[in-house]
Amino acid sequence: MRTQVGIIGAGPAGLLLAQLLAVRGIDSVVLENHSRDYVQARIRAGILEQGTTDALRDAGLGARLDREGLVHDGLRLTFDGEQHRLDLRALTGRAVTIYGQTEVVKDLIAARLDSGAPLHFEVDDVRVDVATPAVRYRHEGVEHELRCDAIAGCDGFHGVCRAAIPEAEVTTWERAYPFAWLGILADVAPSTDELIYARHERGFALHSMRSRERSRLYVQVDPGDDVARWPDARVWEELHARLASDGFALAEGPVLEKSITPMRSFVAAPLRHGPLFLAGDAAHIVPPTGAKGLNLAMADVLVLADALIDGSPAALDAYSDRCLRRVWRAQHFSWWMTGMLHVDPAGDAYDRELARSQLRYVTRSRAAATSLAENYVGYDR
Ligand code: APR
Ligand code: PHB
């Protein structure tokens, strides 16, 4: 078998890349080791930057997004028992859209399968050969070799593509955090019209949503914590306490899903090794506080699709550096938001006062608010 681009991973990065290439007449094969049902059921991020929604529309994927996406012109910050609004639109001219990663992935899979272009689920034992170049794998018990001009490593943090680059050729940077997020999906209308990020002495909390009927909420927990120790009543009690502010009332509802997400920052560079190009979580991870993971993955493949379509050595060479500028801006923003909004269990009173001062600053100074807002809606220069 032969194709122009072998794409490993059917997450948002791999699927959007396949779509962008198909629109421009470049063929690809997408290989995913999980089942379609599994991929479509995973609950992940939910905030799309305007650049991301524009890209999805340009790629012909705007119909359901425009019908069901919720455009948010602002966000809320709660600390010291007071809620403050940041007007993203007034500060930056841009907004964000609530539309779950799960929905983006469903739309991309449907578009791919409708077009008849190859997307294989439940492949096993994917091996990357950068010398040939080729991707070898097993599908329904049969061994395959896919020869290609380029390989796109869109297989997430735990994939095989980053590991296919010799250690001496990659530099990595990493940060671990002494906390994690416990998230719930609740069958109840959101208690707020915009996201609320809250800092409380008991830890961080976030009120997000997936639709006008479904709420998505998070509380900071210990990284070694277990969902079994968080019965619904305990989660709601923490959410009530941490999100509390004058005039705000949190509505409870049946909990449909509950899970704990570890938090880390990670970058591997360069994003290219010969014919192999890393994109999305395969190359970099951010803590979810800045809502950047999904948007970075999409931004990478927009640059990668342009480079592959151009095909010149200069364009392919420029891929990594072009992505890394945005990646490092998002690294800093995500790390900074995380520090400002969480309570470090090993921190002291000095750390607490710094975080409170920073929150007062971003809610009172237009300059500071603009800096937060322009990073939140997406900064790429
Ligand atoms: N072979 C084939 N597919 C693989 C392999 C493998 N060896 N290893 C992993 N995969 C698949 C995973 O099952 C997953 O479907 O690659 C896909 C990677 O998708 P994501 O993890 O969603 O990564 P990405 O597309 O880069 O999107 C980043 O996902 O984790 C969130 O917060 C993150 O929102 C961000 C987004
Ligand atoms: C979410 O809705 O899942 C979400 C929203 C904002 C974040 C992180 C996650 O910063």
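What follows is calculated from the coordinates using simple rules that are stated; it is not laboratory data. Here the structure is a predicted model, which means the values were calculated and not measured. Neighbour counts run over all protein chains shown; Cβ positions are idealised from the backbone, glycine included.
Below, the figures for the structure above:
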{"quantity": "E237 paired with E169, simple spin-label distance in nm, labels 7 Å along Cα-to-beta-carbon", "calculated": "5.4 nm"}
{"quantity": "Compactness relative to 2.2 N^0.38 Å, alpha carbon Rg of the chain", "calculated": "1.00"}
{"quantity": "Residue-count net charge about G14 - beta-carbon cut-off 13 Å; Lys, Arg +1, Asp, Glu -1", "calculated": "-3"}
{"quantity": "The stretch 283-381: relative contact order as a whole-number percent, Cα under 8 Å and 6+ apart", "calculated": "32 percent"}
{"quantity": "Area projected by the alpha carbon convex hull of the stretch 230-347, averaged over all directions, nm²", "calculated": "10.5 nm²"}
{"quantity": "Formal net charge of residues neighbouring G203 (Cβ-Cβ distance under 9 Å; K, R +1; D, E -1)", "calculated": "+1"}
{"quantity": "Mean projection area, nm², convex hull over Cα of the stretch 1-128", "calculated": "10.5 nm²"}
{"quantity": "In nm, spacing of pseudo-spin labels at R36 and H332 (7 Å Cα→C-beta vector)", "calculated": "4.4 nm"}
{"quantity": "Potential lengthening between R264 and R2 on full extension [0.36 nm per residue; Cα-Cα distance subtracted]", "calculated": "90.6 nm"}
{"quantity": "FRET E, pair R366, V71, Förster distance 22 Å, beta-carbon r, rounded to 0.05", "calculated": "0.45"}
{"quantity": "Tensor-based shape of the stretch 132-186 (alpha-carbon gyration tensor, a/c under 1.5 rounded, otherwise prolate or oblate)", "calculated": "oblate"}
{"quantity": "Residue-count net charge about R36 - beta-carbon cut-off 12 Å; Lys, Arg +1, Asp, Glu -1", "calculated": "0"}
{"quantity": "Where a label projected 7 Å from the Cα of D317 along Cα→Cβ would reach, residues of the stretch 274-290 with amide N under 20 Å", "calculated": "274-278"}
{"quantity": "Paramagnetic reach from S245 in the stretch 194-216 [backbone N under 18 Å; point 7 Å along Cα→Cβ]", "calculated": "194-209, 216"}
{"quantity": "Inter-label distance for A95 and D226, nm, one decimal - labels placed 7 Å from Cα along Cα-to-Cβ", "calculated": "4.5 nm"}
